[in-house]
Amino acid sequence: MARLESSGIAVRHRLGDALPSMFLDDAFIQRFCDGLDEVLAPVPSALDNFSAILDPQLTPPDFLEWLAGWVGIEIDHTWPVERRRRMVSGATDMFRRRGTADGLADLVELFVGVRPDIVEGGGSAWSQSPDGPLPGEAGAVVVVRLRMTQPNPAALSRLDKLVAANKPAHIAHRIEFIAPPKSKPASAPTPAPVPEAAATSTPPPPPAPPPNKEPS
């Protein structure tokens, strides 16, 4: 239960009932204890549900930032709650793959909702002799390419800091945006051809002859 919504919780054991018998009939003391009961009621509830509070999928939204601090990530308050939950839930798995192309792509996808293309020219190798050739390309740059319109400067700055913190520290990076193709307007359906027989107009029938008049 969220801290901002903790009023009105039922009290299982009243403080007033635990007082000595001489205070049980004291109206002022009982009212005073009732006020303390409302303040202390969320404590047993929080302890009883502590396992749910530690679960990113079940914890109240106001505890998500607290859990994010436990796993060392910073969440954006402009995100929907479900995206923040996925970010905190997948933090430990993303840390295991931190610095890899797939790990960076997963993180950026959670941040902007679009799967990026990661272009990188680095590499890894090992050698038993010292001063061996370095793997990868000289002056390699990590390119994060997103097929979306460029976000506002504030969101772009947060995205740039996110990429900088999760790429190899010795490699520069660049973020590119490719505008998605505009959808073509739906063309009007071509009318079906009219059959030739239906296109030929039928001549009107000849006028009926006037009725014969009888001689008077």
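Quick note: the coordinates plus some simple rules give every number you see, no bench work behind them. As the structure is a prediction and not an experimental result, all values here were calculated from the model. Cβ coordinates were reconstructed from backbone atoms using ideal geometry, including for glycine residues, and neighbour counts include every protein chain displayed.
Taking the simple approach of a point 7 Å from Cα along Cα-to-Cβ for both TRP79 and ALA27, what is their distance in nm?
It is 5.5 nm.
Calculate the spin-label point distance for SER45 paired with ARG115, positioning each point 7 Å from the Cα along the beta-carbon direction, and give it in nanometres.
Between ARG115 and SER45, the simple spin-label model gives 4.2 nm.
So if each residue of separation counts as 0.36 nm, and I subtract the Cα-Cα distance between LEU15 and SER89, what length gain in nm does that give? Working shown, then result.
Numbers: separation 74, 0.36 × 74 = 26.64 nm, distance 3.90 nm.
Result: 22.7 nm gained on full extension.
Looking at the range 27-129, which chymotrypsin sites (Phe, Trp or Tyr not before Pro) are in a loop (DSSP not H, G, I, E or B) and have at most 12 other Cβ atoms within 10 Å? Spell out each step's value before the answer.
Details: sites: PHE28, PHE32, PHE50, PHE63, TRP66, TRP70, PHE95, PHE111, TRP126; in loops: TRP126.
Loop-located and lightly packed - TRP126.
Please rank LEU15, LEU159, fewest neighbouring Cβ atoms within 10 Å first, as an exposure proxy.
Final ranking by Cβ density, sparse to dense: LEU15, LEU159.
Please list, by residue number, every one of the GluC sites (Glu not before Pro) in the range 90-138 that is coil in DSSP and has at most 15 other beta-carbon atoms within 10 Å. Please list the in-between numbers first.
Working: sites: GLU109, GLU120, GLU137; in loops: GLU120, GLU137.
Within the range 90-138, the qualifying GluC sites (Glu not before Pro) (loop, at most 15 other Cβ atoms within 10 Å) are GLU137.
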